[in-house]
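Structure first, then comments.
The values are calculated or read from the model by the stated rules, or taken from the named source; none is laboratory data. All values derive from a computational prediction rather than experimental measurement. Just so you know, the surface numbers come from the protein's heavy atoms only, side chains and all, with ligands and any DNA or RNA stripped out. Shrake-Rupley method; radii C 1.70, N 1.55, O 1.52, S 1.80 Å.
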Amino acid sequence: MSFNNETDAMRIPDHVAIIMDGNGRWAKAKGLPRTAGHQEGVETVKKVTEEAVRLGVKYLTLYTFSTENWNRPLAEITALMGLILDHLEEEIFMKNNVRFRVIGEMSRIPEAVRTRLDECVRRTAANDAMTMTIALSYSSRWELTEAMRQIAGDIKDGTLEPSQISEEMIGRHLATNFMPDPDLLIRTGGEYRISNYLLWQCAYTEFYFCDTYWPDFNENELRKAIAVYQSRERRFGKTSEQVAIK
């Protein structure tokens with residue numbers, strides 16, 4: 001079944017999470033170094049961010065760099081961190097009234113990058129059209145492990161009883177505690193997995209996979225993904241008949 005990019009403005013997903021895959025393969029296909037793919041991918045981030053605001057998305061979360069990516073060649077990691085410094089432009093956030101946030105294991109991020117990230121978070125804190133979050137040095141297993149450590153510490157200190165642990169409490173200890181769970185997760189680049197990304201949060205998320213490499217993903221591709229999302233019935237464990245009852 002094929003879909004066009006016609007979206008229902010009344011059913012735009014509140015939270016779209018994206019795994020931006022295919023930068024390196026895009027570059028290889030063009031005979032370019034992998035860093036060229038990452039540079040082009042940054043331009044796609046800008047376009048998709050602006051389009052998400054226009055559509056009315058409230059939260060956009062982008063998988064930028066996983067904890068596993070630290071195993072990549074040092075030159076590529078250095079180039080990626082340099083791109084973050086060079087292209088983290090407040091203009092795109094201020095022009096579009098976007099609040100910027102970052103989640104991940106910040107202790108591994110170079111100090112200059114952390115400082116720039118913190119400045120952008122602080123200066124965009126009052127923006128309220130959309131929250132754009134980058135997951136940097138992030139993995140869901142890291143996030144869940146940290147949450148369990150915090151909860152275990154509360155139990156050890158005597159401020160929490162094991163019987164008080166709930167799904168809501170675990171959610172409050174996650175790095176994503178300031179946002180709702182994703183309604184739609186998009187993965188570009190032709191892979192069909194979510195690669196340690198928002199595992200807890202994606203329990204009822206709709207998935208959309210496409211072959212398009214991230215540098216070629218554009219406004220039309222985003223609208224197409226949302227149109228596919230809108231074609232689905234979200235039941236959350238209920239029957240279709242129950243969902244139909246308003």
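The table below gives the values:
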{"item": "Heavy atoms of R122 accessible to a 1.4 Å probe, total area in Å² rounded to 10", "result": "150"}
{"item": "DSSP beta bridges in the chain [antiparallel fraction, %, rounded to 5]", "result": "0"}
{"item": "S66, S195, ranked by accessible area, largest first (probe 1.4 Å)", "result": "S195, S66"}
{"item": "Cα Rg, Dmax, region 125-192, angstrom units", "result": "15.5, 48"}
{"item": "Largest-first ellipsoid semi-axes for region 31-128, taking √(5λ) over the Cα gyration tensor eigenvalues, angstrom", "result": "24, 17, 12"}
{"item": "Per-residue [θ]222 nm for the chain (sum of -39500 (n - 2.57) over DSSP H runs n ≥ 4, rounded to 500)", "result": "-13000 deg cm²/dmol"}
{"item": "In the chain, lysine pairs closer than 27 Å at Cα, eight or more apart or cross-chain", "result": "19"}
{"item": "Largest to smallest accessible area among T35, T124 [probe 1.4 Å]", "result": "T35, T124"}
{"item": "Solvent-accessible surface ranking, highest first, for V42, V57 at 1.4 angstrom", "result": "V42, V57"}
{"item": "Tensor-based shape of region 88-169 (alpha-carbon gyration tensor, a/c under 1.5 rounded, otherwise prolate or oblate)", "result": "prolate"}
{"item": "Region 38-159 - percent relative contact order, Cα under 8 Å, separation 6 or more", "result": "37"}
{"item": "Prolate/oblate/rounded label for region 103-150 (Cα gyration tensor, a/c 1.5)", "result": "oblate"}
{"item": "Shape category assigned to region 114-246 from the gyration tensor of Cα positions, a/c cut at 1.5", "result": "oblate"}
{"item": "Distance between region 31-63 and region 136-186 - C-alpha centres, whole angstrom", "result": "28"}
{"item": "Cα-based Rg of the chain normalised by 2.2 N^0.38 Å, two decimals", "result": "1.05"}
